[in-house]
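Scroll down for the structure; my scribbles are underneath it.
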Amino acid sequence: MYQHTKAILDSLEYNPFLPANRLAQKLVLCRKILGLSQEKLARKLGVDESTLASWEAERHRPMKRSLEVIEVFFKKNCPRF
């Protein structure tokens, strides 16, 4: 669904998405910018898809180790955060 989002955003040279202030919003925005499904981002973060979905829905917060993995992923792939 989002596989072309990154290329479109790169060609626009700006981000039309609303700024993300909370971790859940940042996860969703980064995933959409990169054109990833929840399943693919979860795999990259080393967690189950349902875990990522619960973080995005703010039903749960990531544990410290997961937060560290997310931070590294953001720095490498979504430096706008």
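Points worth noting:
- If you go through region 13-29 and pick out every residue that is assigned to a loop (DSSP other than H, G, I, E, B), at pLDDT 65 or above and surrounded by 10 or more Cβ atoms within 10 Å (Cβ to Cβ), you end up with 2.
- Tally, over region 68-81, of residues that are outside any loop (DSSP other than H, G, I, E, B), touching a residue at least 24 places away in the same chain (Cβ under 8 Å) and of a type outside the set (Val, Ile, Thr): 3
- Residues in region 30-81 that are surrounded by 16 or more Cβ atoms within 10 Å (Cβ to Cβ) and of a type in the set (Ser, Thr, Tyr): 3 in all.
The values are calculated or read from the model by the stated rules, or taken from the named source; none is laboratory data. For clarity, every value in this text was computed on a predicted model and none was experimentally measured. For neighbour counting, all protein chains shown are included, and Cβ atoms are generated from backbone atoms with ideal geometry for every residue, glycine included.
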